[in-house]
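Engineer: The following block contains the structure, expressed as structure tokens.
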Amino acid sequence: MEDEYRTATLVVVAVVATASSALYIAASGLVAVGVLGVMLCVALVRNVVLHRRLDRTTGLTSSAMFRLPSPPTDPLGEDGDEVVNISRDQKTAAATRSNRLREDESAVLEKIAADADTSEILRSITELLGNQFPGSRFRITTDDFFDDEAIDRTWSILDRTDKDLGWVLQAVLADPSSTPDQDAISLAQDLARLALDKERSQAHLRYQADHDSLTGLLSRRAVLAALDDAIETNATVGLVYCDIDKFKQINDSLGHQAGDDLLIGISHRLLDASDEAPFDCKVGRLGGDEYLIVASGPDLRDMVRLVEGLSFAIRAPFNFGKATISTSLSLGATYAESRVPGSIPLDSAELLRESDLALYQVKRNGRNDFRFFDAELRAILAAQKELQEDLSRSISSRSGIHANFQPQFDRDRNLVGFEALGRWYRQGRGLVPPDEFIPVAKEHGLMAEFDKEVFSNISQSLGALRREGRNFGTVAINVSAERLERDDFVQSTLEVLRRTSIDPRKVVLEITESTLLQDLRERGRRLEALRAWGVRIAIDDFGTGYSSLSYLRELPVDIVKLDKEFVSDIESSVESQAIVQAILSLATVLKLSVVAEGVEREQQFEVLRDLGCDTFQGFLLGRPLEMEDARELAERVWVPDPFSAGYEWNEGPPVDASSLVATSVVDRQPDR
């Protein structure tokens, strides 16, 4: 009040002086005298502004009287127009606090840049404020924090969101009636906001890395890490491997949105059932319709109850709007003690194999059930391990790997070629069925080398036939995802064909739909490089992977192979006929050939032929043959010509890949 009264008085004096000077000027014409009043006004205004600036900078309230300027001095009394009566100690204290503020700010920023712990950064910010306001106490906390201490001031830092609490700055002031300098408070708010925003962003990134984007469950990486942690920290560990029964049929018939809704609904029920267990459970989604539950520290009885509860939780129908979906789970479980004296330490990969094998047995026996890994399955697992070791030795020694050839015929039942099927003759055991060794080869990373050996074996046999002038038609050879993703796939394939003098135009590489769509851009490029040499590409099992005809025009393929699922009931299923007809119509437009595999009955052949299918393969027309038998069949159709010219390999590809049909490769990726 005193300052305001003093300022008002000076204003009145200045106005009176100015008015008097103006009258004097009018009366006497002496301009110089009028300048005195103008100078007084200017000095007054400058003092008021400076007074406020000092208050804002130092936090002090000056009681100094403003006075008329002495001869020219500085703004603080040496060369300026005004003098502020502030003691030397007050000036020193203000400068000290200003320097300390800059030092504390730099220290906080360095901690933020160094990714220091957020609580440490926030503590440094409150210390910064304590240095500026001695005797006052500050804290930065979430907006839900409450205690009985009276808070004098509260400032907002971050607002609350759906996923995060809000943050506030609170103060207990040495003088509750005072108002802290807002510049220092704003600086503290900005620093805290910077640190907390960074922490929120990092927390969100960690959450995304550790959780499945669709269901919110733990991601594959995170749930497998939880399994390793459970083995390390608990005396007993349980593992449950779950698979949704007939999920593909639900996805295909009701659409991907219904499939996603079902995945989310099942995830919620698995979480609820796991929460009822008397031990800690981690629930994760491995991918597709597969889930994994890690149990830490259960006893066997409680583990059985958990598996029963998980199975029961899914049996009630799911209601999604107008759609009601009923499904079930197949579950494979294993239970082990991780700290048995003298025993081999548990291995997470081994537990996964045990639960996976138990799940496989449930699915093979009709689904909608559960099974624990037991002595019987342990014997099967041991046999699989022995099989894997024998297969690995066969591949390394290049012995026992060969191919059988299943003939393919046109609509008039004329032989047009063969599909080569990889086979393995196990030393001392005989021929091993593909459905026994192929899963083992894939699981243990042997599939790429097995494919490579099969391809080399076939090429050598065909090269010998070509050199003798024997025609063998077109040969289709399967390529696994593991082989296709190898960086040397294109180069090694061409090297084998060149070395064995195989005409690449007589070779078809069969890729499954799901394999190709896993990485359409990169794998498409590799297939295009081979197509440039005349190698043709067939998409195998079409319709079973993503069931989208729109993909067909975007895939780098020349041939479509209808899956046996559509062929098996083609004579009786209107739906299968409609699907096959749609594929054939689109293939005609795109100038693609269509092969129907799994033709076992005469009526199937007739229906497919009437629908417009080009080529046929199946037990009705011919079973897989040994190389010698296949050669004899080919000779009955094509007369050997020992003078026929072989294929001339050039340095560069004979065909420009950009000129091939259906070469559009897009960045599009499958939904799941």
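The values are calculated or read from the model by the stated rules, or taken from the named source; none is laboratory data. These figures come from a predicted structure and were not determined experimentally. For neighbour counting, all protein chains shown are included, and Cβ atoms are generated from backbone atoms with ideal geometry for every residue, glycine included. Note: areas computed on protein heavy atoms with side chains; ligands, DNA, RNA excluded. Shrake-Rupley method; radii C 1.70, N 1.55, O 1.52, S 1.80 Å.
Engineer: Quick check on this structure: which one of Arg536, Arg498 is at pLDDT 90 or above and within 27 Å of Gln581 (Cβ to Cβ)?
Structural biologist: Details: Arg498 fails: within 27 Å of Gln581 (Cβ to Cβ).
Every option except Arg536 fails the conditions.
Engineer: Under 7 Å between Cβ atoms, which residue pairs at least 6 apart in sequence (or on different chains) link something in region 262-279 that is over 16 Å from Glu308 (Cα atoms) with a partner that is in a helix (DSSP H, G or I) and open to solvent by less than 60 Å² (accessible area, probe 1.4 Å)?
Structural biologist: So the pair list comes out as Leu262/Ile250.
Engineer: Further, regarding this structure: Out of contact with any His (no Cβ under 7 Å at 6 or more places or on another chain), assigned to a loop (DSSP other than H, G, I, E, B), closer than 24 Å to Leu187 by Cα and modelled with pLDDT of 85 or more: does that describe Ile151? Write out each step before concluding.
Structural biologist: Working: out of contact with any His (no Cβ under 7 Å at 6 or more places or on another chain): yes; assigned to a loop (DSSP other than H, G, I, E, B): yes; closer than 24 Å to Leu187 by Cα: yes; modelled with pLDDT of 85 or more: yes.
Taking the combined requirement at face value, the residue satisfies it.
Here's the yes/no breakdown for (1) in contact with a helix residue (DSSP H, G or I) (Cβ under 7 Å, 6 or more places away or on another chain); (2) under 18 Å from Arg315 (Cβ atoms); (3) not in a helix (DSSP H, G or I):
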site	(1), (2), (3)
Gly259	yes, no, no
Leu262	yes, yes, no
His268	no, yes, no
Leu286	yes, no, yes
Ile293	yes, yes, yes
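Engineer: If you don't mind, there's one more thing I want to ask. Mind telling me which of the residues Gly287, Gly309 ends up being of a type outside the set (S, T, N, Q), more than 24 Å from Asp210 (Cβ to Cβ) and in contact with an Asp or Glu (Cβ under 9 Å, 6 or more places away or on another chain)?
Structural biologist: Unique residue meeting the criteria: Gly309.
Engineer: Same structure again: Any residue at all in region 388-399 that is touching a Ser or Thr at 6+ places or on another chain (Cβ under 9 Å), farther than 30 Å from Phe472 by Cα and surrounded by fewer than 18 Cβ atoms within 10 Å (Cβ to Cβ)? Before you say what the answer is, go through the steps one by one.
Structural biologist: Taking region 388-399 and keeping what is touching a Ser or Thr at 6+ places or on another chain (Cβ under 9 Å), we get 393, 398.
Imposing the further condition that a residue be farther than 30 Å from Phe472 by Cα reduces the set to 393.
Next cut, surrounded by fewer than 18 Cβ atoms within 10 Å (Cβ to Cβ) only: 393.
Yes; the residues of region 388-399 include at least one that is touching a Ser or Thr at 6+ places or on another chain (Cβ under 9 Å), farther than 30 Å from Phe472 by Cα and surrounded by fewer than 18 Cβ atoms within 10 Å (Cβ to Cβ).
Engineer: Name every residue in region 264-281 that is open to solvent by less than 50 Å² (accessible area, probe 1.4 Å) and more than 24 Å from the chain's Cα centre (by Cα), in order of residue number.
Structural biologist: Correct list: Ala273, Ser274, Ala277, Phe279.
Engineer: When you go through Asp412, Asp451, Asp390 one by one, which is the residue that is under 30 Å from Arg636 (Cα atoms) and touching a Lys or Arg at 6+ places or on another chain (Cβ under 7 Å)? Full working, then the answer.
Structural biologist: Values: Asp412 fails: touching a Lys or Arg at 6+ places or on another chain (Cβ under 7 Å); Asp390 fails: under 30 Å from Arg636 (Cα atoms).
Just one listed residue meets the conditions, Asp451.
Engineer: Residues that are of a type outside the set (Phe, Trp, Tyr) and under 35 Å from the mean Cα position of the chain (by Cα): does region 169-188 have at least one? First the steps, then the outcome.
Structural biologist: Looking only at region 169-188, we keep the residues that are of a type outside the set (Phe, Trp, Tyr), and these are 169-188.
With the extra rule that they be under 35 Å from the mean Cα position of the chain (by Cα), the set shrinks to none.
No, region 169-188 contains no residue that is of a type outside the set (Phe, Trp, Tyr) and under 35 Å from the mean Cα position of the chain (by Cα).
Engineer: How many residues does region 491-527 hold that are open to solvent by less than 50 Å² (accessible area, probe 1.4 Å), more than 38 Å from the chain's Cα centre (by Cα) and of a type in the set (D, E, K, R)?
Structural biologist: Result for region 491-527: 1.
Engineer: Among the residues of region 152-168 satisfying the criterion of being open to solvent by less than 60 Å² (accessible area, probe 1.4 Å) and of a type in the set (A, V, I, L, M), which is nearest to the chain's Cα centre (by Cα)?
Structural biologist: For region 152-168, the residue satisfying everything is Leu158.
Engineer: While we're here: Asp229 passes all but one of (1) open to solvent by less than 60 Å² (accessible area, probe 1.4 Å); (2) charged (D, E, K, R); (3) closer than 23 Å to Phe279 by Cβ; which number fails?
Structural biologist: Answer for Asp229: the failing condition is (1).
Engineer: Got a sec? Which of Glu635, Glu571 is open to solvent by 10 Å² or more (accessible area, probe 1.4 Å), at negative phi and in contact (Cβ under 8 Å) with a residue 40 or more places away in the chain? Break it down into steps so the answer makes sense when it comes.
Structural biologist: On the way: Glu571 fails: in contact (Cβ under 8 Å) with a residue 40 or more places away in the chain.
Residue meeting the stated conditions: Glu635.
Engineer: Now, a different point. How do the pairs read when you match residues in region 373-402 that are in contact (Cβ under 8 Å) with a residue 24 or more places away in the chain with residues anywhere that are open to solvent by 60 Å² or more (accessible area, probe 1.4 Å) and part of a helix (DSSP H, G or I), using Cβ under 7 Å and keeping only pairs 6 or more apart or on different chains?
Structural biologist: Taking only residues 6 or more apart or on different chains, the pairs are Leu381/Arg353; Ile395/Glu449.
Engineer: Of the residues Ala174, Ala195, Ala209, only one is at pLDDT below 95, in a helix (DSSP H, G or I) and farther than 30 Å from Ala336 by Cβ; which?
Structural biologist: On the way: Ala174 fails: in a helix (DSSP H, G or I); Ala209 fails: farther than 30 Å from Ala336 by Cβ.
Just one listed residue meets the conditions, Ala195.
Engineer: What is the residue count in region 506-528 for residues that are over 18 Å from Arg553 (Cα atoms), out of contact with any Ser or Thr (no Cβ under 7 Å at 6 or more places or on another chain) and touching a residue at least 40 places away in the same chain (Cβ under 8 Å)?
Structural biologist: Going through region 506-528 one residue at a time, the tally reaches 0.
Engineer: Given Ala476, Ala481, Ala448, which one is within 30 Å of Arg553 (Cβ to Cβ) and open to solvent by 10 Å² or more (accessible area, probe 1.4 Å)? So that I can check it myself, show each step before the final result.
Structural biologist: Values: Ala476 fails: open to solvent by 10 Å² or more (accessible area, probe 1.4 Å); Ala448 fails: open to solvent by 10 Å² or more (accessible area, probe 1.4 Å).
Step by step, each of Ala476, Ala481, Ala448 is checked, and only Ala481 is within 30 Å of Arg553 (Cβ to Cβ) and open to solvent by 10 Å² or more (accessible area, probe 1.4 Å).
Engineer: Let me ask something additional. Select from region 464-490 the residues that are assigned to a helix (DSSP H, G or I) and touching a helix residue (DSSP H, G or I) at 6+ places or on another chain (Cβ under 9 Å) and write down the one among them that is modelled with the lowest pLDDT. Full working, then the answer.
Structural biologist: Of the residues in region 464-490, the ones assigned to a helix (DSSP H, G or I) are 464-467, 481-484, 489-490.
Now restrict to residues that are touching a helix residue (DSSP H, G or I) at 6+ places or on another chain (Cβ under 9 Å): 465-466, 481-484, 489-490.
Working: Leu465: 89, Arg466: 86, Ala481: 89, Glu482: 91, Arg483: 93, Leu484: 91, Phe489: 93, Val490: 93.
The residue in question is Arg466.
Engineer: Under 6 Å between Cβ atoms, at least 6 apart or on separate chains: pull out the pairs that start in region 100-129 with a residue that is open to solvent by less than 70 Å² (accessible area, probe 1.4 Å) and end on any residue that is among the hydroxyl-bearing types (Ser, Thr, Tyr) and part of a helix (DSSP H, G or I).
Structural biologist: Val108/Ser124
Engineer: Would you mention how many residues in region 221-253 are closer than 20 Å to Ser514 by Cβ and assigned to a helix (DSSP H, G or I)?
Structural biologist: Within region 221-253, the first condition is being closer than 20 Å to Ser514 by Cβ, and the residues that meet it are 243-253.
Retained after the next criterion (residues that are assigned to a helix (DSSP H, G or I)): 247-253.
Going through region 221-253 one residue at a time, the tally reaches 7.
Engineer: OK, next. Looking only at region 606-639, how many residues end up being within 46 Å of the chain's Cα centre (by Cα) and among the charged types (D, E, K, R)?
Structural biologist: In the first step, residues of region 606-639 are kept if they are within 46 Å of the chain's Cα centre (by Cα); the result is 607-627.
Filter once more, so that each one left must be among the charged types (D, E, K, R): 609-610, 614, 623, 626.
The number of residues fulfilling the criteria is 5.
Engineer: In the set Leu608, Leu590, Leu625, which member is in contact with a Pro (Cβ under 9 Å, 6 or more places away or on another chain), open to solvent by less than 50 Å² (accessible area, probe 1.4 Å) and in contact (Cβ under 8 Å) with a residue 40 or more places away in the chain? Working first, answer last.
Structural biologist: Working: Leu608 fails: in contact with a Pro (Cβ under 9 Å, 6 or more places away or on another chain); Leu590 fails: in contact with a Pro (Cβ under 9 Å, 6 or more places away or on another chain).
Being in contact with a Pro (Cβ under 9 Å, 6 or more places away or on another chain), open to solvent by less than 50 Å² (accessible area, probe 1.4 Å) and in contact (Cβ under 8 Å) with a residue 40 or more places away in the chain holds for just one of Leu608, Leu590, Leu625, which is Leu625.
Engineer: Scan region 284-295 residue by residue and report those that are within 15 Å of Ala222 (Cα to Cα) and open to solvent by 10 Å² or more (accessible area, probe 1.4 Å).
Structural biologist: Arg285, Leu286, Gly287, Glu290 - these are the residues of region 284-295 that are within 15 Å of Ala222 (Cα to Cα) and open to solvent by 10 Å² or more (accessible area, probe 1.4 Å).
Engineer: Follow-up question, since we're still on this one. Within region 247-263, which residues are surrounded by fewer than 14 Cβ atoms within 10 Å (Cβ to Cβ) and either closer than 16 Å to Leu329 by Cβ or in contact with a Cys (Cβ under 7 Å, 6 or more places away or on another chain) (or both)?
Structural biologist: The one that is surrounded by fewer than 14 Cβ atoms within 10 Å (Cβ to Cβ) and either closer than 16 Å to Leu329 by Cβ or in contact with a Cys (Cβ under 7 Å, 6 or more places away or on another chain) (or both): Gln249.
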